[in-house]
Structure formats: C-alpha cells, structure tokens
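For reference, the structure discussed in these notes is given below.
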2 protein chains.
Amino acid sequence: MKEIVHIGLLGFGNVGTGAYRTLQENRESIAQKVGAEVRIKRIAVAHPDRQRDIDLEPGVLTGDPDDILNDPEIDIVCELIGGVQPARTYIQTAFERGKHVVTCNKELLAKHLGEVTQEASARGLFLLFEGAVAGGVPVIGPLTTSLAGNRIDKIVGIVNGTTNFILTKMSRDGQEFDQALSEAQRLGYAEADPSSDVEGWDAAYKMLILAGVGLGVETSIDTVHTEGISGITGRDIVYARDLGYTIKLLGTARRNADTVEVRVHPTMLPYSHPMARVDDAYNAVMVSGSSVGNVMFYGSGAGPLPTGSAVMGDVVEIARNLAIGAPPTRPRLTLTPLPVAPLSDIVCPFYLRMTVADRPRVLAAVAGVLGDHGVSIHSVAQRDVDENGAEIILITHPARESSIRDAIIEIEDAGIDAGIGAVIRVEG
Amino acid sequence: MKEIVHIGLLGFGNVGTGAYRTLQENRESIAQKVGAEVRIKRIAVAHPDRQRDIDLEPGVLTGDPDDILNDPEIDIVCELIGGVQPARTYIQTAFERGKHVVTCNKELLAKHLGEVTQEASARGLFLLFEGAVAGGVPVIGPLTTSLAGNRIDKIVGIVNGTTNFILTKMSRDGQEFDQALSEAQRLGYAEADPSSDVEGWDAAYKMLILAGVGLGVETSIDTVHTEGISGITGRDIVYARDLGYTIKLLGTARRNADTVEVRVHPTMLPYSHPMARVDDAYNAVMVSGSSVGNVMFYGSGAGPLPTGSAVMGDVVEIARNLAIGAPPTRPRLTLTPLPVAPLSDIVCPFYLRMTVADRPRVLAAVAGVLGDHGVSIHSVAQRDVDENGAEIILITHPARESSIRDAIIEIEDAGIDAGIGAVIRVEG
C-alpha cells in the first residue's frame with residue numbers, strides 16, 4: 001500500500017513532456033482515481049542543463065539514468081527513449097531492481113515482445129505499452145482485457161500517421177507523393193529522413209506488436225512483408241476514387257490454421273469500409289473477434305499529448321495496483337511462434353493499371369493471360385492518356401498473389417505491348 | 001488464489017447464451033489468460049425445464065436465483081435479467097454474500113450508478129458493466145483505465161442500434177419511418193413495443209452511464225432531454241443529404257463549468273464527421289479527452305455474441321484478480337452531482353424546414369424574425385413541393401436553443417404564412 005507512487009522518466013522529448021503535462025493538468029483527479037498521489041520524481045535526459053519551456057522543480061532533471069534505476073523510492077520507470085539499445089538494458093535493469101515499466105518503444109517491443117513480457121511476468125512486474133501503437137487510442141488495453149473472451153483472427157490498422165497524412169493530401173489536393181511529403185515535413189508530420197514511416201517499417205513494428213498482443217503470435221520482423229507508399233501516384237489515387245476506393249497504407253495481422261500473415265502495404269479500401277474515412281494523421285485499428293465481430297478504435301495516433309495520455313493511462317493502472325497492494329493483474333499473455341505465410345499465398349482482389357497502345361487487342365490478350373492463371377476480372381475501365389496511349393484499369397476477383405505475379409510476368413514477356421504501371425492489393 | 005473461478009448467471013436469454021457460448025468456444029485460451037479455469041456453475045431461469053437449443057450439463061439450470069446467491073462456491077454473479085427489480089435486490093444480495101457482479105443492466109445503472117458502485121467498493125468487490133453500453137464495443141473499460149489520465153469533457157454516441165438501423169434504412173432505401181420500423185421488427189432489430197428504443201429512452205440510459213463513468217457526473221434520468229426519431233421524415237433525410245449531412249439519433253454528455261448536459265435527440269452530422277458513416281445497427285462512442293483529443297470506439301452495439309463478449313471480458317478481468325489473490329483494481333470512480341443545463345441554453349446550429357406559399361416575401365420575413373432574435377442564417381435552399389407550395393430549408397449559424405424557440409413562436413404567430421415542418425439540431 002502506497003500513499004505516493006514515484007515515477008521516473010527516461011527521456012523527455014515529445015512523449016515525456018506530453019505525459020508530464022497530462023499528469024500536471026489532472027493531478028487531482030488522477031490521485032482520486034488511484035487512491036494515492038502520483039509524482040514524477042526524476043527525469044533523465046541527455047542535456048539536463050538545456051533551457052526548456054516547461055517548469056520543473058529543481059533537481060528533477062538528471063543526466064544519469066542510474067539516478068532513476070538505482071533510486072529505491074521510484075516504483076515505475078517510463079522508458080521514452082526509443083530504439084533497441086540502450087532502452088533494452090534500462091528496462092532489464094528496472095525489472096532487476098523491482099520496478100514496473102511503461103514504454104512506447106515499438107521497435108524494441110516488435111523485436112523482443114516475448115522476452116520482455118516474460119521477464120516482467122517472471123518477476124511479478126507490470127510491463128505496459130499502450131502508447132506503442134496508435135498513440136493515445138486505447139488498443140492494447142482493450143485487446144488484452146475487454147476483448148479477452150474472444151479468439152481474435154484478424155487485425156487491420158492504419159497505424160502510421162505520417163503516411164496517412166501524405167495519402168490524404170494526395171487524395172484531397174491532387175498532390176504527388178514528393179509534394180505531399182514536403183508538406184508533411186514542413187508541418188512536422190514527417191521527419192527529415194522519412195524512410196521509417198514512408199517505407200512502412202514503423203507500421204510493421206506496430207503490426208507485430210498487435211499480432212503478439214491480439215493474436216498471441218510471435219514472429220520475426222524479418223519475415224514481415226513491408227511495402228511503402230513512395231510508389232503510389234496521384235493517378236492511381238484518382239482512378240481508385242472513380243472506382244469507389246481509397247488508398248491507405250494498411251497493416252494486416254491474420255491468424256491462419258498453421259501460419260500467420262503480418263504485412264504492411266498500400267491497400268485499396270472500398271468507401272463503405274469503416275476505415276476508408278480515417279484521414280489526415282489519424283490512426284485506426286480494426287479487430288475481428290470470434291464473438292464481438294468487428295470493433296474499431298480510432299483517434300490521434302501520435303503527438304505529445306495523445307501519446308502522453310496513453311503513458312499516463314498505463315501509469316494510473318500500475319499506480320492503482322500499488323496503492324492497494326495488488327500484484328500485476330492484466331490477463332496473461334502467451335505467445336506462440338508461428339511461421340509467416342508466404343506472400344505468394346495471399347488471396348485478395350487486385351488493382352492493375354496498364355499503359356497500352358491498342359486497347360481492344362491488348363485487353364483481349366491480357367484477359368486471356370489472366371484467365372490462364374485462374375484470375376477473373378471484376379471490372380475494367382479505360383482512360384485516354386494522350387494521342388498515342390491509353391490506360392486499362394482492372395480490378396480482379398479475389399486471386400492468389402502468386403497467380404497475379406505469374407500473369408504479370410507473362411503479360412510483360414508476351415509482347416502484348418502492355419506496360420504494367422501499378423499493382424495494388426484490394427481489401428474485400 | 002483460485003484454481004477454478006465459479007460463475008452464476010441470473011438469466012439466460014440472448015446475452016446469457018452469448019456469454020455461455022463465448023466461454024465454451026474459448027475455454028482454453030481464457031483459462032490461459034486468467035491462470036485458472038472459468039466455469040459457469042449455475043444458471044437461474046424462469047423456466048428451467050423448457051427445451052433449449054444449447055447443451056448444458058444436468059443440474060446447471062435452476063428456477064431459484066438463491067441457488068446462485070447462496071452458493072458459497074460461486075465467486076461472480078452475472079446479472080442478465082434487466083429492469084430495476086428484482087435485479088437491484090439480487091445485486092445487493094450478491095454483494096452482501098461477498099460475490100463480484102457483472103451486469104449489462106443499463107436501466108438499473110442509469111438510475112442507481114452511484115449507489116451500486118459505492119456498495120461494491122465499500123465491500124471491496126468488483127462491479128463491472130462493459131455490456132451495458134454499446135454491446136461488445138469496449139468503452140467502459142478504456143474510459144476508466146486507458147483514458148484515466150484525461151479530463152473528459154464531452155462524449156457523444158450513437159448508442160441505440162434499433163434507431164440507427166431505422167434511420168439507415170430511411171436514408172438508404174428512401175423509406176418512411178413506419179415502413180423502416182416494420183422492417184426492423186421483422187428482422188428482430190426492434191421489439192413489438194419499440195418505444196424504449198424509438199423514443200430515445202434506451203439511449204438516454206446509456207448516456208447517463210457514460211456521463212457517470214466518463215465525466216464523473218451523477219444526474220437524474222428525469223432531467224435528461226430525450227427526443228426520439230418518430231418525427232423524422234424521409235424528406236428531411238433527403239434534404240439533409242443534399243446539404244451534406246446525415247441524421248442520427250445522437251446522445252450527448254458534456255461537462256460545463258457548473259452544469260452537465262445529457263441529452264438524446266435526432267442530430268444532423270456533417271458527412272466529414274467520423275460518426276456520420278456509423279450505419280445499420282452499429283454503435284459508436286466518441287470521447288473528447290483533455291490530452292488524447294477525440295477517440296472513437298465502433299462496433300456491434302447489441303446481439304447475443306457481442307454482448308456476451310463484453311460480459312466475458314468483465315468475467316476474465318475479475319477471474320484474473322481472483323486467480324492471483326488480488327483485490328479489485330479498477331481506478332476509483334467518484335461521482336459528483338451536477339445540475340443539468342437547461343435545454344434552452346444549448347448553443348448549436350439548427351436546421352429548419354418551413355412550408356411556405358410565397359417564397360421571397362416569407363424568406364425576408366423569416367430572416368427578419370430570426371435576426372431579431374440574434375440568429376443568423378448559414379445557408380438557405382428552396383424546394384417546390386407542388387403548384388401551391390414550396391419549402392424553405394435553412395441552416396443557421398450556432399444559436400441558443402431559446403432564441404430559436406422564441407423565433408419559431410413569433411414566425412408562427414406573426415401571420416407570415418410559414419408552417420414550421422421540422423427543427424433539427426446540427427452537430428458542428
């Protein structure tokens with residue numbers, strides 16, 4: 001039983017200041033909910049003497065993480081540094097000293113979820129990480145508690161705000177990728193080196209965490225198919241819209257009989273899909289449960305205060321248990337290693353855009369090749385590009401990825417004179 | 001510490017069978033998460049001998065609730081009867097005998113939330129009720145835990161599936177209210193006596209629960225403004241769509257400085273609103289938190305399995321605590337009584353539809369009266385109805401409800417020859 005729960009923050013960037021401000025603004029109501037005071041005792045930063053636009057009591061900042069890890073009074077360590085090392089070592093040390101851990105470190109969790117949850121539970125300590133996926137949107141908590149009665153088969157998510165902002169810009173303002181990326185960088189939605197977001201790695205980390213927490217599956221980051229949005233053109237976005245679709249960077253985690261699919265790639269969503277209108281920098285995660293059906297969680301996927309809100313939610317949960325002397329009470333997480341299904345086995349409809357010179361002849365030839373590979377066509381549209389060329393836009397019925405790939409090779413090799421401009425998977 | 005957690009169900013209708021099936025299908029994974037077996041020991045029903053299409057072990061069914069309430073082995077009582085009495089007495093008895101309670105009883109909670117949560121916490125017992133609002137969609141859990149760091153100022157919800165189904169039918173198929181209601185009844189979405197859904201009472205109960213759990217505010221059902229959808233015409237739905245809006249039965253709970261607003265009424269939502277596409281029998285709840293911004297929870301708001309999923313989520317949480325010998329750990333809920341803001345003080349844009357004979361003269365006169373009451377017009381459209389009459393459709397800028405009411409009385413009294421056909425509040 002505790003009257004004051006002491007917190008130490010490792011890192012004081014965007015998320016740290018967001019968590020600090022969230023606690024400061026709601027100190028009283030948080031104390032009431034917890035039944036004890038929640039106090040940030042120390043904050044470890046690289047430059048403790050740097051001027052900051054936030055008022056801290058003297059002595060709170062330190063340049064030495066050990067001032068937190070070695071302080072027996074500190075109950076909860078919030079690891080807000082990111083990256084695998086030294087965060088991994090700090091978390092391990094925190095556990096060894098009997099401290100509970102809150103983290104938003106998606107890379108670390110994606111790569112070591114099984115290990116770190118195992119360490120925490122072996123020592124009877126909390127490891128919570130609501131802020132690692134979809135910022136402030138409650139997803140990890142509901143998946144592990146409210147939905148615990150369900151077998152969860154599939155999770156899809158728009159879990160990267162930067163790429164969603166860029167795709168929204170391209171769609172709404174008719175911009176091309178480079179232009180939308182520059183604007184995202186100017187507005188602070190994208191970093192100077194945007195590769196982690198734009199190439200889909202950030203989303204892949206988050207989908208791996210969701211696969212672990214939601215599907216109970218452990219798999220390796222190396223086996224995740226990750227495809228970014230830099231190849232998406234304004235033209236495909238316009239064609240998709242005309243056909244009733246929007247293009248999103250969608251993460252999928254799906255449990256099959258003996259395999260798991262974890263993949264991140266541009267995906268066409270029909271406008272009737274509940275996630276089709278998740279625009280700008282918003283995130284959404286849709287979970288398919290055996291009893292509950294489809295449930296969606298939507299909100300701000302990043303930003304200091306939303307992510308700070310997630311950190312403080314985790315802190316409140318741990319602090320409440322400490323205040324009443326209860327051990328960690330989250331339902332147990334068991335991870336089963338499962339091989340990743342080869343991408344070639346995925347079955348879904350496909351969007352194909354082809355540049356052609358002679359439409360009737362090419363269409364007949366393309367349809368023939370697709371048919372030879374068991375792929376049937378759902379709809380066709382044609383567009384004039386200039387006096388010399390035209391484009392054929394096809395949406396297929398659900399087909400195996402391998403059949404589509406084989407058909408494309410054959411189309412390109414067969415002298416049909418059709419240039420494949422884009423291949424985009426379609427969510428049914 | 002327990003190796004088997006025993007559950008008793010009071011009631012075995014839709015929700016009870018949904019909870020039973022959810023447990024049956026996921027028995028193993030639930031046991032793994034909890035760290036103990038979860039077993040439904042007894043089920044109390046009015047007619048234990050009636051033939052049922054579900055296989056139960058002999059001796060599970062009983063006609064006497066006391067067989068559950070008096071059984072010292074039963075740890076958790078799931079009250080799935082509904083209505084205030086005898087449910088209220090059963091819950092009290094369960095608490096007196098040291099049993100945790102899970103309930104989906106929205107009427108009881110709306111009317112007695114403060115009392116029953118107080119009783120539970122005074123005895124160190126869980127009272128969980130995820131299934132009472134939005135069926136299987138996790139809302140109560142995230143509000144009380146993941147979002148616990150936030151001050152929550154506003155919650156809006158589409159929390160009644162029946163009326164949402166009817167409004168969607170009217171909008172999609174051009175049906176009138178009576179026709180859509182009949183179809184809802186035929187499909188089992190509406191009851192033979194549909195008043196509780198159609199008049200908004202069911203939604204009002206749920207908004208009161210959300211006001212309690214989310215805003216920490218206690219208020220009386222008698223003071224909640226509740227307006228149903230039976231007055232909505234197909235014509236208003238078409239006009240709304242032409243103006244870029246959809247009509248939903250929206251519940252609002254908002255905390256002001258010294259008052260609270262809790263109200264349920266048809267509301268026009270712009271298509272850009274994240275809740276505008278919540279169609280059919282789906283539910284959604286949007287929460288505005290001080291740090292997190294707007295977060296939305298979306299999914300099936302009713303049905304045996306979704307609500308059963310919510311019940312089992314609550315059961316898993318309690319069972320987990322019992323398995324490791326921990327007391328109830330949810331953050332504490334403190335309710336502050338606040339008076340309800342008079343409806344006349346509400347400020348929002350309004351939609352007005354008027355039948356008129358002579359358009360230019362009437363429009364000038366109506367605009368004059370509105371202006372006299374400080375109401376300015378945002379947009380105007382006109383429609384011919386037949387050779388004798390036309391309609392004027394106005395959307396105002398945000399205005400006080402009392403100003404609109406006063407203006408309407410004056411318009412009707414002033415001999416302007418404008419018949420007010422509809423007044424609908426607009427969500428900004």
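The values are calculated or read from the model by the stated rules, or taken from the named source; none is laboratory data. Just so you know, these numbers come straight off a predicted model, no measurement behind them. As a convention, Cβ positions derive from the backbone with ideal geometry for all residues, glycine included, and neighbour counts pool all protein chains shown.
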Out of B:Leu181, B:Leu108, B:Leu147, B:Leu125, I need the residue that is within 14 Å of chain A (Cβ to nearest Cβ), farther than 26 Å from A:Val139 by Cβ and not polar (S, T, N, Q). Which one?
B:Leu125
Residues of region B:288-305 being within 8 Å of chain A (Cβ to nearest Cβ) and more than 16 Å from B:Val159 (Cα to Cα), which ones?
B:Gly289, B:Ser290, B:Ser291, B:Val292, B:Gly293, B:Asn294, B:Leu305
Check region B:332-340 and report whether any residue there is farther than 27 Å from B:Glu227 by Cα and touching a Lys or Arg at 6+ places or on another chain (Cβ under 7 Å).
yes
Which listed residue is more than 14 Å from chain A (Cβ to nearest Cβ) and touching a residue at least 40 places away in the same chain (Cβ under 8 Å), from B:Ala367, B:Ala357:
B:Ala357
Given (1) of a type in the set (A, V, I, L, M); (2) more than 14 Å from every other protein chain (Cβ to nearest Cβ); (3) outside any helix (DSSP H, G or I), where does A:Leu167 come up short, assuming only one miss?
(3)
Select, from A:Ile408, A:Ile392, A:Ile420, A:Ile377, the only residue that is within 35 Å of the chain's Cα centre (by Cα), surrounded by 13 or more Cβ atoms within 10 Å (Cβ to Cβ) and under 26 Å from A:Met275 (Cα atoms).
A:Ile377
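So that you can scan it fast, the table gives a plain yes or no per residue for (1) within 11 Å of another protein chain (Cβ to nearest Cβ); (2) surrounded by fewer than 17 Cβ atoms within 10 Å (Cβ to Cβ):
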residue	(1), (2)
A:Val213	no, no
A:Thr233	no, yes
A:Ala253	no, no
A:Tyr282	yes, no
A:Met286	yes, no
Scanning region A:121-136 residue by residue, the ones that are within 18 Å of A:Glu107 (Cβ to Cβ) and either of a type in the set (D, E, K, R) or over 17 Å from the mean Cα position of the chain (by Cα) (or both) total 2
Condition check for B:Ile54: of a type in the set (A, V, I, L, M) and in contact with a strand residue (DSSP E or B) (Cβ under 6 Å, 6 or more places away or on another chain)
no
Looking at (1) at the interface with chain B (Cβ under 8 Å from one of its Cβ atoms); (2) within 19 Å of the chain's Cα centre (by Cα), which one does A:Thr267 not meet, given that it meets all the others?
(1)
When you look at A:Ile40, is it within 13 Å of another protein chain (Cβ to nearest Cβ) and under 19 Å from A:Leu305 (Cβ atoms), yes or no?
yes
Elements of type helices (runs of 4 or more DSSP H) contained in region B:183-250, each with 1 or more residues being among the hydroxyl-bearing types (Ser, Thr, Tyr), in the same structural domain as B:Pro270 (by TED's automatic domain parsing) and touching a strand residue (DSSP E or B) at 6+ places or on another chain (Cβ under 8 Å):
B:234-242
For region B:368-412, name all the residues that are in contact with a Phe, Trp or Tyr (Cβ under 6 Å, 6 or more places away or on another chain) and more than 18 Å from B:Thr267 (Cβ to Cβ).
none
State whether the residues of region B:302-310 include one that is at positive phi, buried (at least 18 other Cβ atoms within 10 Å of the Cβ) and in a loop (DSSP other than H, G, I, E, B).
yes
Could you tell me which of the residues B:Gly214, B:Gly228, B:Gly234 is in contact with a helix residue (DSSP H, G or I) (Cβ under 6 Å, 6 or more places away or on another chain) and more than 21 Å from B:Phe350 (Cβ to Cβ)?
B:Gly214
Among the candidates B:Lys99, B:Lys33, residue that is within 14 Å of another protein chain (Cβ to nearest Cβ), crowded, with 20+ Cβ neighbours inside 10 Å and charged (D, E, K, R):
B:Lys33
Hey, among A:Ile166, A:Ile158, which residue is in the same structural domain as A:Ala192 (by TED's automatic domain parsing), in contact with a strand residue (DSSP E or B) (Cβ under 6 Å, 6 or more places away or on another chain) and not hydroxyl-bearing (Ser, Thr, Tyr)?
A:Ile158
When the residues of region B:1-30 are filtered to those that are of a type in the set (S, T, N, Q) and more than 10 Å from chain A (Cβ to nearest Cβ), which remaining residue is surrounded by the most Cβ atoms within 10 Å (Cβ to Cβ)?
B:Thr17
Which condition number does B:Leu23 fail, the rest of (1) closer than 23 Å to B:Asp202 by Cα; (2) touching a helix residue (DSSP H, G or I) at 6+ places or on another chain (Cβ under 7 Å) being met?
(1)
Applying the selection to region A:326-381, what residues are within 21 Å of A:Ala399 (Cβ to Cβ), at pLDDT 95 or above and of a type in the set (S, T, N, Q)?
A:Ser376
Among the residues of region A:128-144, count how many are part of a helix (DSSP H, G or I) and either facing chain B (nearest Cβ under 7 Å) or over 20 Å from B:Gly308 (Cβ atoms) (or both).
6
Within region B:330-347, work out how many residues are crowded, with 18+ Cβ neighbours inside 10 Å and over 30 Å from B:Val34 (Cα atoms).
5
From A:Leu125, A:Leu80, A:Leu109, which residue is surrounded by 17 or more Cβ atoms within 10 Å (Cβ to Cβ) and in contact with an Asp or Glu (Cβ under 9 Å, 6 or more places away or on another chain)?
A:Leu125
Restricted to region B:311-329 and to residues being within 7 Å of chain A (Cβ to nearest Cβ) and either surrounded by fewer than 22 Cβ atoms within 10 Å (Cβ to Cβ) or polar (S, T, N, Q) (or both), the residue nearest to B:Gly216 (Cα to Cα) is B:Thr329
Single condition B:Tyr282 does not satisfy, out of (1) closer than 22 Å to B:Ser196 by Cα; (2) in contact with an Asp or Glu (Cβ under 9 Å, 6 or more places away or on another chain):
(2)
Those residues of region A:41-56 which are crowded, with 23+ Cβ neighbours inside 10 Å and of a type in the set (Val, Ile, Thr) amount to A:Ile43
